[in-house]
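Here the structure comes first, spelled out in structure tokens, and everything after it is commentary.
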Amino acid sequence: MSLRQDKKVYPYLFNNEWKESTTGETVEIMSPDDGAVVGAVPAMSQDEVDQAVKSASDVQENWEATEGHERSELLHRWAEELEKMTDEIGEKIHLEVGKTLSAAKSEVKRTAQLIRHTAEEGLRTHGSFIQGDAFPGASKATKAMVQKVPHGVVLAISPFNYPVNLAASKIAPALITGNTVVFKPATQGAISGLLMVEALVKAGLPKGVLNVVTGRGSVIGDFVVTHPSIDMITFTGGTGTGQHIAKQASMIPVVLELGGKDPAIVLEDADLEKTAKEIVGGALSYSGQRCTAIKRVMVMNSVADELVAKIKDKVETLKVGKSSENADITPMIDQKSADFVVSLIDDAKEKGATVVTEGIRNENLLGATVLDNVTEDMELAWEEQFGPVIPIMRVENELEAIDLEKRNQYGLQASIFTKNFENAFTIADKLNVGTVQVNGKTSRGPDHFPFLGVKNSGQGVQGIGRSIDSMLRDKVLVLNL
Ligand code: NAP
Ligand code: G3H
């Protein structure tokens, strides 16, 4: 059958064949915009998931044995096919996860660029050669050849918010390094993921080198994560899910990119107009449903009134509506997520936060809310809202901001706004996060920069070069001459 034979139920990919599940069960995907059914994907059985992993395992040695430049050429063709499908995949991302059409298409284009860069960078991986005489008792006659070899079968699990980009950013580095892949897309976003895989099949993917497993993570997740033929896991998603996966997986490498509570620290000498613009864009694009969204602002008391006024002005010009209306603030992925955001707002208001501007709720559509005078006793000061809220915490000085950040359970990114670079570097040195942005919003790209979270924000490093590294291990051959 073909992927688009029946536009309602999209089949999964097994050994380059599009298949229906024998369970006959499916999971429906509804548009966040209006609840309309976008389509459905199979709820695969454990037996089908087992076969998907085994088939990826069976062909792994052959795939590893192919020449690196052939794998690189496959990725280049994939990028080309993906670009040709920009409109179709963009439309599906838009419907499935409620991104505006232009943002959805940009995601596809960004992904094609990421795949191309990976195809190039992957050609430059190499091992090393070490002589023994640097260690007492050994001699130059003992030499180590350190090769870089793939782990084997990589399980790639992606989140809903970048259903194509955050899937390809795992699959491309796995394939270029000779790993085979079992891809588990987020259910909301799975159709876009399947279309992205169709582009890979068109590009000439050999049978079994990538199989897709679909179905709720809560149902098939533990089975696939603990499958004995999975050799490495790369996951992006919520901290709770990531921690659960890390506990389930035993004795295999696990790379995790998880949640965040990225602060924007605003010093007295900041350019407040630019700062407000970066904060509003950083906090509210895609309605705050980005791991790297600015999720709390720590502003020096002396400039807080001015900054808050500028943020208010900018937020109040944002268009709230459906993603199909090209609005700035669009419906959240589901009701449950919207309920959670509202509970954080209510808790903060009850505990005395000042409402600067409050968005109206219409089911899962929440207008943007700005709350000032957020204090440490409020959940909003610490919890990842993953929604359209800007909490503002006023601080007396830089030390107070650093102290607040030190107690953050997350450590993805932080922004510092100041004209004094020396100050920025001093503060940056004290923040336990993966990345510090100076005078810019927190954000993942460019995609070849290392990207990582510490504390509850993750383990391991991504970004094209580092993702490639994470897909390889050392294998040492010692020559005793
Ligand atoms: P999620 O609910 O944790 O889901 C992520 C993926 O895990 C989905 O594919 C999900 O499948 C799957 N899953 C669920 N339970 C599983 C289990 N027991 N075993 C294996 N897989 C399982 O996250 P989300 O709601 O999609 O994404 C939002 C979160 O991701 C936010 O916290 C955000 O900060 C974080 N995020 C982090 C980054 C980063 O790079 N640091 C990037 C993007 C998002 P189903 O969809 O079928 O449930
Ligand atoms: O949601 C997490 C993404 O990795 C954020 O990527 O900063 O490019 O929006 P972004």
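Data overview
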| quantity | calculated |
| --- | --- |
| Residues within segment 320-356 that are in contact (Cβ under 8 Å) with a residue 40 or more places away in the chain and either in contact with a His (Cβ under 7 Å, 6 or more places away or on another chain) or among the hydrophobic types (A, V, I, L, M, F, W, C) (or both), tallied | 13 |
| Enumeration of residues in segment 307-341 that are surrounded by fewer than 15 Cβ atoms within 10 Å (Cβ to Cβ), part of a helix (DSSP H, G or I) and away from ligand 1 (no atom under 16 Å from the Cβ) | A309, D313, E316, E325 |
| Filtered residues of segment 150-198 (kept if within 20 Å of R77 (Cβ to Cβ) and aromatic (F, W, Y)) | F183 |
| From the options E48, E81, residue that is more than 29 Å from T118 (Cα to Cα), part of a helix (DSSP H, G or I) and touching a residue at least 40 places away in the same chain (Cβ under 8 Å) | E48 |
| Search result, residues across segment 437-465 that are free of Cβ contacts under 8 Å to residues at least 40 places away in the same chain and either crowded, with 19+ Cβ neighbours inside 10 Å or in a loop (DSSP other than H, G, I, E, B) (or both) | Q437, P446, F449, P450, G463 |
| Some residue of segment 397-419 being within 16 Å of ligand 2 (Cβ to nearest atom), at negative phi, in a loop (DSSP other than H, G, I, E, B) and of a type outside the set (V, I, T) | yes |
| For V476: the one exception among (1) surrounded by fewer than 22 Cβ atoms within 10 Å (Cβ to Cβ); (2) under 14 Å from the mean Cα position of the chain (by Cα) | (2) |
| Odd one out for R110 among (1) crowded, with 22+ Cβ neighbours inside 10 Å; (2) within 22 Å of K170 (Cα to Cα) | (1) |
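So that you can scan it fast, the table gives a plain yes or no per residue for (1) within 16 Å of ligand 2 (Cβ to nearest atom); (2) buried (at least 23 other Cβ atoms within 10 Å of the Cβ); (3) modelled with pLDDT of 95 or more:
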position	(1), (2), (3)
Q147	no, no, yes
I171	yes, yes, yes
A174	no, yes, yes
T177	no, yes, yes
A203	no, no, yes
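Residue-by-condition table, conditions (1) of a type in the set (A, V, I, L, M); (2) more than 22 Å from the chain's Cα centre (by Cα); (3) at pLDDT below 95; (4) within 21 Å of G281 (Cα to Cα):
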site: D339; (1), (2), (3), (4): no, yes, no, no
site: I345; (1), (2), (3), (4): yes, yes, no, yes
site: G359; (1), (2), (3), (4): no, yes, no, yes
site: D377; (1), (2), (3), (4): no, yes, no, no
site: W382; (1), (2), (3), (4): no, no, no, yes
site: G387; (1), (2), (3), (4): no, no, no, yes
site: M393; (1), (2), (3), (4): yes, yes, no, yes
site: N397; (1), (2), (3), (4): no, yes, no, no
site: K419; (1), (2), (3), (4): no, yes, no, yes
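The values are calculated or read from the model by the stated rules, or taken from the named source; none is laboratory data. Treat the numbers as computed from the prediction; the structure is a model and nothing was measured. Glycine gets a Cβ as well: all are built from the backbone with ideal geometry, and neighbour counts include every protein chain shown.
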